[in-house]
Structures are given as C-alpha cells and as structure tokens.
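Below is one structure; the comments refer to it alone.
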Amino acid sequence: MKKLLIFALLLLGANLANAQTCTYTNYTISPATYTAEDQVTINFDFTGTDLAGETDVYIWTWSNAGDGITNTDWNNAPATAKLTPVAGSPNKFTFKLVGTTMYNKSPGQLKQFQFLGKTKNGSKKSCDSKVNAFDPLVFVPSMQRIFPARVGQNDVVSLYFHQDLATTINEQRMQPVSVTVEVFDNNDVSAGAPVTLTVKSAGEKLWKAYFIPTRSYTPGAGKKFVRFTYKFNGTVQDANNQPVTVSTPVVEVPLNEMK
Amino acid sequence: MRSIYLLTILLAGGLFFTGCRPEGFEQIGTANDNLTAISGAWKLTRVTQTDFESQRKGFPYAVEDITTLFNYTSLQLTLTLNAGAPGNFTINNGTAPPITSITSGSWNVDDLKTPKAITLKNGAVTEVMTLGGYPNTINSKLKVKVTRSDVESNKVLIVYDYEFSR
C-alpha cells in the first residue's frame, strides 16, 4: 500500500513537472531575425490551447532584463496588451512590439524575451513561449557562427567552427571532419535527408564548410525554406587510441525571406 | 632712369598683349559611350559577399571573397545593344550558382548617358544591378552590385559584388 502511494505521488509529481515545463510554440515572429531596436510582429495561433475560442486575448511578456511595460496587473490586463484578432481566422492574433520600448531597457541590456497569451483576468493562459533571442548590437564571439549572419534560402552560407572558443574537452580536442545540415520548409517539414558537408581549415583552430540551401535541396511546390540546423562532426582518440565520433551542439538558424 | 621707365612700360605692354592672346585648346573629344562600354559578353571573375548589417555595426566579419567556393567563373553575362540602346540580355550560369532569378530577357538603364543601374527584366520579374564603374582602357572590368533585403523589414542584409572581364 505504501509503495502504491509513493508510486501515485511520483506520477502526480511527474505530471505537475510536465505542466510546469510545457512550451507554447505555435507562433511565428517576423522578421525572422531582429535586434531589440526593430519592430517585430508576433503571429499567434491558439488552436488546441486553453485559449481556443477566446476572442479577447492579452500578452504577458518578459525579457532577460525584466517584465514588459504591459505586465501591469495579471488580474486586469491593460488595453495596450490586447492582441489584434486576425479577421476570419478564429484563434489567430497578432501583436507588434519593439524590444527597447516594451521592456524599457537599452538594446545592450536585452538578449532574449518570452511571452504567453492570457485572458484579461488571467483565468486562462497559454504555456510560456520558447526563448526568443534578439540579434546582438555588439559583436559577441561564439564557437559556431554563420556568414553572413542573416541569410535567405538562395544565399551562400558559410558555417564556421571557432575551436579556440570551445569549452568542452571533446570540442577542444576534436579533429573536425564534416558538418551535418538539415533544412526545413514553412510547414516545419524536413526538406530531405540531412546533407553532409566537408570541413576545411580556414585558419588556426578555425574550420569552415559552406552550402546554398536551394542548391542542396529543392523546395516543394509552393514551399519555401524557413530554417536550417547544423553541427560540426569530428573525431577524438579514446583511451585505447581509437577514434570516437563527437559533435558540437546543433545550432538552429532562421532563414530570412529576401527580395 | 628714363630708359628704365621706358623699358618697364614696354615690358608691361608686351605682357598685356601676350596675356590677351587667345589660346588654342585641344579638342576634348567625344563623350564616353558608356552603354557600349558595359554591353557585350562578360565572364564572371570575382564574387564577394558583404554582411551589410555587420559592416554597418563595425563587426569583425563583414566581407568574404566567395569566388572559389563554387565554380563562379563559369558564369557568362551578355548585354546586347539594339540600335545603340539596351536590348536583350542572357546569363549562362554554367555550373555556377545563379546570381539572379532570371537568365534572359531585356535590360535597361536608369540613364542612357551616365547609367548608374542596370535593370534586367523578364515578364514581371526584375532584378537591379548597381554599376560600380564604367569599363575603360585603364580598368576594363565591369563591376556590379546586387543587394538582398529582408522582405519584412526592407533592411539590406547582404550585398554581392560581381566583377566581370571580357
């Protein structure tokens, strides 16, 4: 009986933990990349969430540097936090914001932001959104980067691995061999099997590969590529001097729609 | 003293008449025919990619020469004149990645005498190339610039510089 009770408590705990960590992902932000000084439009779709069917939905938003200025009262959201319904599309809303204005911080202070949708009195709400990163206004060195920093589906994309900035032993020791790239379309469907690119040395502890999304894959009819992921692969020697394959973390890159 | 005075008057008079003599300037020649200079068949020899935002912000990685990443030198551009005016164009990509979304059609310029931009057109599709200078006897290369902007924000994100030789 005691074991059964413990088991039930564990199940309840797991369920509660899951409820705490749910993430709202059914939204897009345009443009795909932006600094804290740019105006962005968040396009919400609450279909299948607790907010489905609601006609008046409000944003509750926060950044790494503090709450949004519209977060005045959870139980009585202000009109400035109200989302704009998309005519003829139930459950769909838009909201425009500029990071520096919304969070009342300087661009240098803002790194990322999140939000959720809620009813005016807060009785219903969506899960927290993913973490959305602002493009930096000052250069921040990173182990993996692309050139140019913002690209479209038809652009030449160079992928770099700055091994001198690696922080783990495997990344520091690895002999880079290849890059695995996977491209996704606007339905978030993979464009095909991941491609493997050859890595070349581009300097001391600097490695490079390159590709053009639409040269590696062909978008389906009416489709366009909206993001890709990449990781560098290489080998390290184990204790028996045998090669072991290791990889860097997977990095996701949004693709801008270019003209 | 008197002779010095006379000599001074003579010298001043001589200078006065010499100064008034009309000078014969060389003919400056006919104006450069810039349309003819940019027309014809061109082979792509160099491609650079500029991260416009990084350049604007003074970030360290702003420009890269990408000529050797792909077989860009197999690409040929032909700008044909029709009775001295812009006519048709063709782009033979060879095995190079396309540099425009259209490969044939008509071309035009913003100013027939001193063009600053070339517009390539095929149906409803237009592509604008900004001229980097007119080919001449000293620098025979055709340099054009193509900018790529974000549709949503209209911000220029990438600039491609293409250099062609005959």
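The values are calculated or read from the model by the stated rules, or taken from the named source; none is laboratory data. Just so it is clear, the model here is predicted, and its values are computed rather than measured. We place every Cβ from the backbone using ideal geometry, glycine too, and count neighbours over all the protein chains shown.
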Conditions (1) within 24 Å of the chain's Cα centre (by Cα); (2) at pLDDT 95 or above -> A:W207 fails only (1)
Quick check: anything in the stretch B:78-87 modelled with pLDDT of 95 or more, in contact with a Phe, Trp or Tyr (Cβ under 7 Å, 6 or more places away or on another chain) and in a loop (DSSP other than H, G, I, E, B)? no
Scanning the stretch A:19-37 for residues that are at pLDDT 90 or above and within 14 Å of another protein chain (Cβ to nearest Cβ), which turns out farthest from A:D135 (Cα to Cα)? A:T28
How about the stretch B:64-77: which of its residues are assigned to a strand (DSSP E or B) and free of Cβ contacts under 8 Å to residues at least 40 places away in the same chain? B:E64, B:D65, B:Q76
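Strands (runs of 3 or more DSSP E) wholly in the stretch B:91-166 with at least 2 residues that are within 10 Å of chain A (Cβ to nearest Cβ) - which ones? I'd like the intermediate steps shown before the answer.
Working: elements: B:104-109, B:117-122, B:125-133, B:142-149, B:156-165.
Of the strands (runs of 3 or more DSSP E) lying wholly inside the stretch B:91-166, those with at least 2 residues that are within 10 Å of chain A (Cβ to nearest Cβ) span B:142-149, B:156-165.
For the stretch A:56-65, name all the residues that are modelled with pLDDT of 95 or more and out of contact with any Phe, Trp or Tyr (no Cβ under 6 Å at 6 or more places or on another chain).
Here is the first cut: in the stretch A:56-65, the residues modelled with pLDDT of 95 or more are A:56-63.
Listed by number, the residues that qualify are A:D56, A:Y58, A:W60, A:W62.
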Would you be able to tell me the number of residues in the stretch A:165-195 that are surrounded by fewer than 13 Cβ atoms within 10 Å (Cβ to Cβ) and either over 27 Å from A:Y27 (Cα atoms) or not assigned by TED's automatic domain parsing to the domain that holds A:Y230 (or both)? 3
Output yes when any residue across the stretch B:58-76 is among the acidic types (D, E), more than 10 Å from chain A (Cβ to nearest Cβ) and surrounded by 13 or more Cβ atoms within 10 Å (Cβ to Cβ), and no when none is. no
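Is the stretch B:107-114 home to any residue that is closer than 22 Å to A:I212 by Cα, of a type in the set (S, T, N, Q), surrounded by 14 or more Cβ atoms within 10 Å (Cβ to Cβ) and over 13 Å from the mean Cα position of the chain (by Cα)?
Applying the first criterion (closer than 22 Å to A:I212 by Cα) to the stretch B:107-114 yields none.
Scanning the stretch B:107-114 turns up no residue that is closer than 22 Å to A:I212 by Cα, of a type in the set (S, T, N, Q), surrounded by 14 or more Cβ atoms within 10 Å (Cβ to Cβ) and over 13 Å from the mean Cα position of the chain (by Cα).
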Restricting attention to strands (runs of 3 or more DSSP E) lying wholly within the stretch A:24-139, give those where 3 or more residues are surrounded by 13 or more Cβ atoms within 10 Å (Cβ to Cβ) and touching a helix residue (DSSP H, G or I) at 6+ places or on another chain (Cβ under 7 Å). A:58-63
Would you tally the residues in the stretch B:117-154 being closer than 20 Å to B:K57 by Cα and crowded, with 19+ Cβ neighbours inside 10 Å? 2
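Hey, does the stretch A:173-181 have a residue that's assigned to a loop (DSSP other than H, G, I, E, B), over 22 Å from the mean Cα position of the chain (by Cα) and away from every other protein chain (no Cβ under 14 Å)?
First, pick out the residues of the stretch A:173-181 that are assigned to a loop (DSSP other than H, G, I, E, B): A:174.
Remaining after also requiring over 22 Å from the mean Cα position of the chain (by Cα): A:174.
Next, from what is left, pick out any that are away from every other protein chain (no Cβ under 14 Å): A:174.
Yes: the stretch A:173-181 contains one or more residues that are assigned to a loop (DSSP other than H, G, I, E, B), over 22 Å from the mean Cα position of the chain (by Cα) and away from every other protein chain (no Cβ under 14 Å).
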Which is modelled with pLDDT under 95, under 22 Å from the mean Cα position of the chain (by Cα) and more than 12 Å from every other protein chain (Cβ to nearest Cβ), of A:G117, A:G192? A:G192
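Identify the residue in the stretch A:223-259 that is in a loop (DSSP other than H, G, I, E, B) and farther than 26 Å from B:V146 by Cβ and, among all such residues, is nearest to the other protein chains (Cβ to nearest Cβ). Write out each step before concluding.
Going residue by residue through the stretch A:223-259, those that are in a loop (DSSP other than H, G, I, E, B) are A:223-224, A:238-242, A:248-250, A:255, A:257, A:259.
Checking the rest, the ones that are also farther than 26 Å from B:V146 by Cβ come to A:238-242, A:248-250.
Details: A:D238: 35, A:A239: 38, A:N240: 38, A:N241: 35, A:Q242: 34, A:T248: 18, A:P249: 20, A:V250: 22 Å.
Result: A:T248.
If I ask for residues that are of a type in the set (D, E, K, R), over 20 Å from the mean Cα position of the chain (by Cα) and modelled with pLDDT of 95 or more, which ones from the stretch B:30-64 would you list?
So in the stretch B:30-64, the residues of a type in the set (D, E, K, R) come out as B:33, B:43, B:46, B:51, B:53, B:56-57, B:64.
Subsequent filtering for residues that are over 20 Å from the mean Cα position of the chain (by Cα) retains B:51, B:53, B:56-57, B:64.
If the condition is that a residue be of a type in the set (D, E, K, R), over 20 Å from the mean Cα position of the chain (by Cα) and modelled with pLDDT of 95 or more, then B:D51, B:E64 are the ones that fit.
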